[in-house]
Amino acid sequence: MEQAGDILSVLARKLPDEVLQEYFQGLSPGKVRKILQEAVAVLAPPKKAEVKPSSQASLWQDKARDWQGKLQGKTLYLYTDGASRGNPGEAGAGVAILDEQGNELVAAGKYLGQCTNNEAEYRALQFGLAKCGEFGKGRVEIHLDSELIVKQIHGKYRVKHPNLIPLYRETMQRLSAFVSFKIRHVRREQNSRADELANQAIDEREK
């Protein structure tokens, strides 16, 4: 049936008007072409487009699916650190992301220019959340060694410094995009990987 429809479609498009008038007397060429096209629609209806599930959603719904074949489970563990040499001074952000099995999925650093330690900490957290967003918007557990930032996000400390207020607001907005998040303070030695990446970003900029 589909092949017959293809043949009729070719005839409708290719046959000259003179031929149509000769074989279908009493009908205009336009009318004949319309009849042929209606027959094509019956014999070979258009194929429905295949609907594929959202790859972003499936990353968090199916443990068998992952990002670049690495993600195991549905929770990401984010470690971030901001470093500033001079406070304010040359600054960098470091990010390490692990899955539930402890596999390191992301290790990245970013040069931040001139800023304070606290500004660097917020910007490092935002950098890490952006990296987590590449996996989807599922559950994320965050670890950083800035007690101030953690307590501000928990609402235990007020954000008073004018330079931190917009950074705090943007961070809270980004956090709200995830299904759920937890954030906790860790000792510096437990955040050594992110610290290493933050300082590496500054070192590479200074070369």
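The values are calculated or read from the model by the stated rules, or taken from the named source; none is laboratory data. Fair warning: this is a prediction, and the values are worked out from it, not measured in the lab. Reconstructed Cβ throughout: ideal geometry from the backbone, glycine too, with neighbour counts over all protein chains shown.
Going by the conditions given, is residue 159 aliphatic (A, V, I, L, M) and more than 24 Å from residue 85 (Cα to Cα)?
No; evaluated as a whole, the condition is false for this residue.
Exactly one condition in (1) part of a helix (DSSP H, G or I); (2) surrounded by fewer than 16 Cβ atoms within 10 Å (Cβ to Cβ) is not met by residue 191; state its number.
Of everything listed in (1) part of a helix (DSSP H, G or I); (2) surrounded by fewer than 16 Cβ atoms within 10 Å (Cβ to Cβ), residue 191 misses just condition (2).
Under 23 Å from residue 75 (Cβ atoms) and either more than 18 Å from the chain's Cα centre (by Cα) or modelled with pLDDT of 95 or more (or both): does that describe residue 134?
No, not satisfied.
Could you check, for region 113-127, whether at least one of its residues is under 18 Å from residue 75 (Cβ atoms) and of a type outside the set (Ser, Thr, Tyr)?
Yes: region 113-127 contains one or more residues that are under 18 Å from residue 75 (Cβ atoms) and of a type outside the set (Ser, Thr, Tyr).
For region 102-121, state whether one or more residues are of a type in the set (Lys, Arg) and surrounded by 16 or more Cβ atoms within 10 Å (Cβ to Cβ).
Here is the first cut: in region 102-121, the ones of a type in the set (Lys, Arg) are 110.
If we keep only those that are surrounded by 16 or more Cβ atoms within 10 Å (Cβ to Cβ) as well, we get 110.
Within region 102-121, one or more residues are of a type in the set (Lys, Arg) and surrounded by 16 or more Cβ atoms within 10 Å (Cβ to Cβ).
Among 68, 126, 101, which is the only one that is at pLDDT below 90, assigned by TED's automatic domain parsing to the domain that holds residue 199 and within 24 Å of residue 182 (Cβ to Cβ)?
The unique qualifying residue is 101.
Restricting region 153-174 to residues that are basic (Lys, Arg) and under 23 Å from the mean Cα position of the chain (by Cα), which is surrounded by the most Cβ atoms within 10 Å (Cβ to Cβ)?
Looking at residues that are basic (Lys, Arg) and under 23 Å from the mean Cα position of the chain (by Cα), I get 174.
Please go through region 171-187 and pick out each residue that is among the polar types (S, T, N, Q), part of a helix (DSSP H, G or I) and touching a residue at least 24 places away in the same chain (Cβ under 8 Å). Outline the logic, then answer.
Taking region 171-187 and keeping what is among the polar types (S, T, N, Q), we get 171, 173, 176, 180.
Of the ones still in play, those that are also part of a helix (DSSP H, G or I) are 171, 173, 176.
Listed by number, the list holds a single entry, 171.
Please go through region 137-152 and pick out each residue that is buried (at least 18 other Cβ atoms within 10 Å of the Cβ), at pLDDT 95 or above and farther than 17 Å from residue 191 by Cα.
Of everything in region 137-152, just one residue is buried (at least 18 other Cβ atoms within 10 Å of the Cβ), at pLDDT 95 or above and farther than 17 Å from residue 191 by Cα, namely 152.
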